[in-house]
Amino acid sequence: MGDSSVAGALVPSVPKPEAAPSGDASTAAAATTAALALAEEAGTRAASASPQGPAAEGEGPADRDLLCPICMAVIKDAFLTACGHSFCYMCIVTHLSHKSDCPCCRHYLTKAQLYPNFLLDKVLKKISARQIAKTASPIDQFRYALQQGNEMGVKELDSLMTLIAEKKRQMEQQESETNMQILLVFLHCLRKQKLEELNEIQTDLQYIKEDIGAVERHRLELYRTKERYSTKLRMLLDDPAAQKMWPSPIDKASSLFLPNSRTPLSASCPGSLQNKKLDLKAQVSHQGFQRRDALTCSDPPKSPIQSGNVIARKRRVQAQFNELQEYYLQRRRTGSQSRRQEERDIVAMNREGYHAGLQDFQSVLTTFTRYSRLRVIAELRHGDLFHSANIVSSIEFDRDDELFATAGVSKRIKVFEFSSVVNEPSDVHCPVVEMATRSKLSCLSWNKYSKNVIASSDYEGIVTVWDVQTRQSVMEYEEHEKRAWSVDFSRTEPSMLVSGSDDCKVKVWCTKQEASVINIDMKANICSVKYNPGSSFYVAVGSADHHIHYFDLRNPSAPVHIFGGHKKAVSYVKFLSNNELASASTDSTLRLWDVKDNCPVRTFRGHKNEKNFVGLSVNNEYIACGSETNEVFAYHKAISKPAASHRFVSSDLDDADDDPGSYFISAVCWKSDSPTMLTANSQGTIKVLVLAP
């Protein structure tokens, strides 16, 4: 058999006959003639094979005859051997470079015994042309015919060009119709959209027109009320009996200049006093005539001079005009779509002529334009001589807003009296109560019923309940396995509190029991927990999974709703009301949610928060948070941009060389619903700030 490891495909081996002498020319010629005949016969069979015949379904005998026995592909550049077999030229040459036999019959063979098979090449070209004719497009066939040099007459070419031109016009017409149809669809959609916008604008304009009329009527009513009071005052000044019962301010002022209080009024300076009365009467009478003239007009007279406060408030409106416009339209549209709201609107309009949505917007506009900055009214340092770590992690007011407590990495809870901090100008204030802890503290929560009870969470996972009066711990809960970030007392059930930890667990405690009463396992770290102020059953949980989980503790197996929108961990959650929830995240945004309708309300941007706990505090109207730029920001809940801000600047010479960017705001807390807040930074500085015009 010999060596069978040859290049190419292997064929069944046959006994090797004796090699024919190379000099036998007659034998070679006979073999060549027989091979040419065989190739011609195979090519004829392949060329005449029908597509529906066996060759079309699989490789028939004719197809196999056209394949190279070495590469098993259609023969390319066919060469015939002396023994009558056809191969690709490159295949047989490569084979003979290693061996000297025919791959098919194993007869002795050399390169000198290879002959071109012109007939087989011609047959293969015809087969290829037929395949192109079957699969190619008419254009390709026509191009192939021209390339092959087929002769065509001028008339035939003219007829063909006319046909092509007609086909071109038909295609262009069809394409134009398609383009017009697409354009028409676009214009119809655009018209529909613009009509909807127009209807919305017309509806908004109707709202605005109604509100302008209501405001003008109310303004005129206020002006007329003012005129009635002025008229009554003038009548009182003209009535002698009323003058005796109700001395005028001028009479009171004149009595200050009398040498003796017992001296009769007429004996002191009768001429001067009488002249002053006459002047006052004349002035009031003149103003009365002017006001009577004004009352005959449809509009009250405009004030020629506006105060600086009014101008500043108008500038704030212009600066946030788009935000205010969006909120106004939102409240106006929402109020008009609810039946209950419409019923309340009728009552409201009967009372003051105002739509309920307009009343709500007026309240927001008044509150928002009232303040533009945060003013410092007091400042103190939280650090001490024995602790270099000064970061304040939490700061909270007590039930009556008389005391506030601070906690942080100094392992101490310090309680200060708010009035003394504000009223006594001193950088260093001593706490009225100070309690030492075993670990760094992360959060504080005052009990809203008992003034002396406060809870804390620390870096060892311990939740502690303290008695501020005795300065001793009342209860210590040690079930958390990792750092506890947050703790909160229930407002409606003073004995209940909730905590969250890095161990991915939320635990509910009762001060009357030593173990947790409810345990909620979650999949990510817990950064913040907060009771709903209107119920002891609902708890909001801010998690490192970028979501807020809202639980009903009566069925804690699954959250009632999951609020998603933040792109990073949710570091704080706070309730503005029973239905409004604010959240802070390290994606540098605050978000406002409606926990009743389970929907987002607004996103607030302006501060920077990418890695630290910077604090979050809320009241009925404003949301305050810190920033990693060492600034504190105040947002109105209806406006997504900051309403005011304040940057902490170190006043100490030792800290003057420090980079301000290395510090950040670490805690904030509003004083109930007042414009006053407490804020602290990582340097240990605590400031009392108030919203100011």
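The values are calculated or read from the model by the stated rules, or taken from the named source; none is laboratory data. None of the values given here were measured: they were computed from a predicted structure. Neighbour counts run over all protein chains shown; Cβ positions are idealised from the backbone, glycine included. Heads up: the accessible areas ignore ligands, DNA and RNA and are worked out on the full protein's heavy atoms, side chains in. Shrake-Rupley method; radii C 1.70, N 1.55, O 1.52, S 1.80 Å.
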**Request:** List every residue pair whose Cβ atoms lie under 9 Å apart, where the two residues are 6 or more positions apart in sequence or sit on different chains, the first residue falls within the stretch 102-117 and is over 14 Å from Ile70 (Cβ atoms), and the second residue, located anywhere, is of a type in the set (Phe, Trp, Tyr) and open to solvent by less than 70 Å² (accessible area, probe 1.4 Å).
**Result:** Tyr115/Phe79; Pro116/Phe79; Asn117/Phe79
**Request:** Could you check Lys507 against (1) surrounded by fewer than 18 Cβ atoms within 10 Å (Cβ to Cβ); (2) basic (Lys, Arg); (3) assigned to a strand (DSSP E or B) and say which number it fails?
**Result:** (1)
**Message:** I want to confirm something. Restricting to the stretch 605-652 and keeping residues that are among the small types (Gly, Ala, Ser) and under 18 Å from the mean Cα position of the chain (by Cα), which single residue is most open to solvent (accessible area, probe 1.4 Å)?
**Reply:** Gly606
**Item:** Residue within the stretch 439-455 that is assigned to a loop (DSSP other than H, G, I, E, B), under 40 Å from the mean Cα position of the chain (by Cα) and more than 27 Å from Gly542 (Cβ to Cβ) present
**Value:** yes
**Request:** Quick one: in the stretch 437-463, of everything that is open to solvent by less than 10 Å² (accessible area, probe 1.4 Å) and β-branched (Val, Ile, Thr), which residue is nearest to Ser394 (Cα to Cα)?
**Result:** Ile454
**Item:** For Ser394: the one exception among (1) touching a Leu at 6+ places or on another chain (Cβ under 7 Å); (2) more than 17 Å from Lys687 (Cα to Cα)
**Value:** (2)
**Request:** Could you tell me which residue of the stretch 587-604 is most open to solvent (accessible area, probe 1.4 Å), considering only residues that are under 19 Å from Ile639 (Cβ atoms) and touching an Asp or Glu at 6+ places or on another chain (Cβ under 8 Å)?
**Result:** Pro600
**Prompt:** Has the stretch 127-149 got any residue that is out of contact with any His (no Cβ under 9 Å at 6 or more places or on another chain), outside any helix (DSSP H, G or I), at pLDDT below 80 and open to solvent by 90 Å² or more (accessible area, probe 1.4 Å)?
**Reply:** yes
**Prompt:** What pairs come up if the first residue lies in the stretch 175-204 and is modelled with pLDDT under 95, the second is not small (Gly, Ala, Ser), and their beta carbons are under 7 Å apart, counting only those six or more places apart or on different chains?
**Reply:** Asp204/Leu329
**Item:** Enumeration of residues in the stretch 151-197 that are open to solvent by 80 Å² or more (accessible area, probe 1.4 Å) and within 30 Å of His355 (Cβ to Cβ)
**Value:** Lys192, Gln193, Lys194, Leu195, Glu196
**Among (1) open to solvent by 20 Å² or more (accessible area, probe 1.4 Å); (2) in contact with a Lys or Arg (Cβ under 7 Å, 6 or more places away or on another chain); (3) without any contact (Cβ under 8 Å) to a residue 40 or more places away in the chain; (4) at negative phi - the single one Val517 does not satisfy** = (2)
**Request:** Mind listing whichever residues of the stretch 576-586 are closer than 21 Å to Ser442 by Cα and either open to solvent by 20 Å² or more (accessible area, probe 1.4 Å) or not in a strand (DSSP E or B) (or both)?
**Result:** Thr586
**Message:** Against the condition among the aliphatic types (A, V, I, L, M), assigned to a loop (DSSP other than H, G, I, E, B) and under 22 Å from the mean Cα position of the chain (by Cα), how does Ala515 come out, does it pass?
**Reply:** no
**Prompt:** Between a first residue in the stretch 600-625 that is assigned by the TED database to the domain that holds Val529 and a second residue that is open to solvent by 50 Å² or more (accessible area, probe 1.4 Å), which pairs have beta carbons less than 7 Å apart while being 6 or more apart in sequence or on different chains?
**Reply:** Gly606/Lys641; Asn619/Ser672; Asn619/Asp673; Asn620/Asp673
**Message:** Against the definition (more than 22 Å from Ser394 (Cβ to Cβ) and under 15 Å from the mean Cα position of the chain (by Cα)), how does Val560 come out, yes or no?
**Reply:** no
**Among the residues listed as Val498, Val541, Val474, the single one being modelled with pLDDT under 95, part of a strand (DSSP E or B) and at negative phi** = Val474
**Item:** Glu402 being open to solvent by 50 Å² or more (accessible area, probe 1.4 Å) and closer than 22 Å to Val376 by Cβ
**Value:** yes
**Message:** If a residue must be open to solvent by 20 Å² or more (accessible area, probe 1.4 Å) and in contact (Cβ under 8 Å) with a residue 40 or more places away in the chain, how many such residues does the stretch 536-545 contain?
**Reply:** 2
**Message:** Regarding the stretch 550-559, can at least one residue be identified that is of a type outside the set (Phe, Trp, Tyr), crowded, with 20+ Cβ neighbours inside 10 Å and either in contact (Cβ under 8 Å) with a residue 24 or more places away in the chain or assigned by the TED database to the domain that holds Ile395 (or both)?
**Reply:** no
**Asked** Looking only at residues in the stretch 63-113 that are more than 28 Å from Gln131 (Cβ to Cβ) and part of a strand (DSSP E or B), which one is least open to solvent (accessible area, probe 1.4 Å)?
**Response** Asp101
**Request:** Would you point out which residue out of Ser557, Ser571, Ser617 is of a type in the set (Gly, Ala, Ser) and assigned to a loop (DSSP other than H, G, I, E, B)?
**Result:** Ser557
